Structure formats: C-alpha cells, structure tokens
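What follows is a short report on a single structure.
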Amino acid sequence: MRTALTDTDLTEDEALLAESVRAYFDDFVDNAYLNLQEESDDGYDRERWKQLRDLGWAGVNLPERVGGGGGTLADAAVVARECGRAAFASPLLQSARAAVALLGLDQGDRFDDVLARIAQGTPAALIAPPDRTLSAAAADGGYRFSGGPAIVEWLGQSEDVVLLAPVPDAGTWLCAVMGRGGLDGRSTAVPSIDNERMARLDLDGFAPAPGSARFVEITPATAENALARAGLLRASSMVGGCEAVLERTVSYALERTQFGQVIGAFQAVRHHAARIAIAADAARLACNDALARADAGEDATAIGAVALFAAGRSYTSAVLTAAQVHGGVGTTTEHVLHHHFRRAKAMQLRSGKPAARLREIHRALVVRHESSLW
C-alpha cells in the first residue's frame, strides 16, 4: 500500500517511520543546536545518541537475531534521509553504512557480534575509499595494505572498523574487521568541511597483527554490490538535505519582502525554486528506485552509482541556488542553511570524484549493460 504522508514512493510503514523520525528531530534541532554540537568536544550529542539507540533506529534494518528491527535497507534509508534533512551530525550514518556493507557480504552469522554492537548503538566505521586508492596483498600469512591516506568519518569515536579493499593479485576483494585499537598511531583527527568529525587514516604498509582482525576474501561483484548498498544510505541523507533546502528556500521566498512584495512573487526567484525542486526530485526518484531494486534482490552496483551521483550533484546544486535566494544570510552561521551548504559539498567529496563515478556508470550501463535501466 502506498501513501502520500511524506513521499509517494514510500510504503505506509516507511512513511510512518519517516514521520516519527522527522517529528523527533523537529522537536530540538535548530541552527543554535547544530552550532553547539559542532563546537563540542564529542561532535555529537551523546544523550540524543542513546535515545536514537533506544528508539531502535541504529539497527532498524539489522536482523532480529542481533537485536535489530528486522527491517529493510529502505527503512535504514528513511532514517538516514531524515538525519540529512535535519543536518544532524552523529556516527549513525557511518555505523549504518558499515552494517549494510557487512550484511551485503553474505557471510551468515560470521560478523553477528559486530552487528549486535551496532544495533546496541556502538559506533562503527566503514573504510572503503570510493576511488579505490587502497588495496591489499597477501603477506606473511596475513595481508598488507598499500595506498594513499583515506579520510574517514567518526573513526575516533568508533569501536569496530570494517575495511574493504581490492586484492589485485588474486582478483578478489578483502574484508577485514577489527577493533579501532588495531589502528592506533595511524589516524589523525583533521578539520572537516561540515559538522561530521573526520580523521586521516594512513594504511600504507599496514599489516594487522595476527589475531587482531578477521579476514574474508570475496568476489569483486559481491564487494561492489555491498558498497553500493552502503552508498545508498549516503545518497538518502543527501536527498533529505535537498528536501530541507527546498522547504527553507520556499518558506524564505514567501516571507522576505522587497519592493513592497514577497520576493517569491518575482519570476526569477520562482525559477530558482523550480530548479531546486527539479534537483530534489531527481535525487529522490533515483534513490527510491535504487532502494526498491536493492531490497528486491537486484544487484545495486549500477543503479546505486546513479543514485549516489544524482544525489551529490542535486544537493550541491540546490544549496548554491538557495544561497542566491537567501542572499548573504544563506552562508552565515546565523542561518541553518550554512550547515547544508557545507554538508552538500563534503558529502559529495566523500562519494569520490564525480568524473570517476560517471565513468563507472558508463561502464556499467553502456559497456556491460548491467541492470535493467537501459
């Protein structure tokens, strides 16, 4: 059954979940709150984090056997979308992406202990540079990593680390699951563009100590599909950001007066609002289609790449246009739009180089004819 409560593509249960999450954030999230959390030592509100855990949103899509809600990827995406709409920063998105990646590896209950901790609200980090700048090779009975440094969200606050990298010599991928303590001395906190905490992680030459990590080699198709499914959560967060930017821009255009009338009465401003609406719709429709296909068991690699690219481009386009409508106030810390302004570009960068994503989409859809899109 479909409903128009929040999004005509959502099922009734998904729409009710979205409504609940949105009402929760609307109750306390405003610009002052976001500024305060960004300046805090932790970077996020630990009390609110406990509430998110108690509400079951940290593990809404995880199996019931690990204490999760037994929901779908689309359920987790609904929570991510509402977090993005509120510009709410916490380890939730990163932890959910790590969990989705593990579930996508189809390893049965091998990593149930990690999934159980995520369901209980213990932050986890997913390390998988989108432009494949990290690789692994068998060495001394284990593995050794090589490549440039990676920027990872909430690494310093995480307990578990899920690392995915190709193994070129074997033609496979490696998943390494370990405690964050195994990376001591290799990460450094760095300033972030937005209100998500970041760390620079250098794994070049890193070989986990025996017994400190669990390894599993998987096929490239399995790894790419798992990462695409995890990427849909980031895309969903950006979709929420697009929708918030659109709502705030329309509201501002109907309140701000100039030359004796609201600026929304001017055709040029209406065109700006229309461009944001088109961008938001493009991101939402691509993301919803990808989620439906992924939950139906279809490989998400191609459609996930499309959704992630569309969401990143739409979010950045929306905030730039919104800044034009808002004028100077749109980029000051006194207005909440500045959080979306910075988050849009930061999230797009975390998705990798746009040119690389376009090449992947071309190879998948045009060269290999993957998915049923074309």
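Rule-based calculations on the coordinates, nothing more; no lab input. Only a predicted model underlies this, so the values are computations on that prediction, with no experimental measurement involved. No Cβ is skipped: glycine too gets one built from the backbone with ideal geometry, and neighbour counts run over all protein chains shown.
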Lys, Arg +1 and Asp, Glu -1 on Cβ, resulting dipole of segment 221-367 about Cα centre, debye, nearest 20 = 460
Among the DSSP H helices of the chain, those whose Cα atoms extend at least 15 Å along the helix axis and whose mean Kyte-Doolittle hydropathy is 1.0 or higher are 92-104
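How big is D, in µm² s⁻¹, for the chain by Stokes-Einstein at 20 °C and 1.002 mPa s if Rh is the Kirkwood radius over C-alpha pairs? Can you show the working numbers first?
On the way: Rh = 21.1 Å.
In µm²/s, the coefficient rounds to 102.
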About its Cα centre, the chain carries a charge dipole, from +1 on Lys and Arg Cβ atoms and -1 on Asp and Glu Cβ atoms, whose size in debye to the nearest 20 is 1080
At q = 0.25 Å⁻¹, base-10 log of I(q)/I(0) for segment 283-322 (Debye sum, equal scatterers on each alpha carbon) = -0.73
Which value in deg cm²/dmol, rounded to the nearest 500, describes the helix-derived mean residue ellipticity at 222 nm for the chain, given -39,500 (n - 2.57) per DSSP H run of n ≥ 4 and division by the residue count?
-> -16000 deg cm²/dmol
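I'd like to compare 35-48, 274-287, 95-108: which one has the highest average count of other Cβ atoms within 10 Å, and what's the full order after that?
Numbers: 35-48: 13.8, 274-287: 20.5, 95-108: 22.6.
Highest to lowest by the protection proxy: 95-108, 274-287, 35-48.
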Report P(r) for segment 3-50: all Cα-Cα distances, bin width 5 Å, range 0 to the bin holding the largest distance, values in whole percent.
-> 4, 20, 19, 17, 12, 13, 10, 3, 0
Which whole-percent values make up P(r) of segment 187-327 when all C-alpha to C-alpha distances are grouped in 5 Å steps starting at zero?
-> 2, 9, 14, 13, 13, 13, 12, 9, 6, 4, 3, 2, 1, 0, 0
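What ranking, highest mean first, results for peptides 219-228, 356-365 when packing means the other Cβ atoms within 10 Å averaged over each residue? Write out the running numbers ahead of the final one.
Working: 219-228: 19.9, 356-365: 17.2.
Ranked from most to least packed, the peptides come out as 219-228, 356-365.
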Positive-end residue of 195, 365, 143, charge dipole of the chain with Cβ unit charges = 365
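Rounded to the nearest 20 debye, what is the charge dipole size of segment 125-219 about its Cα centre when +1 sits on each Lys and Arg Cβ and -1 on each Asp and Glu Cβ?
Numbers: 7 positive and 12 negative charges, 18 e Å.
My answer is approximately 80 debye.
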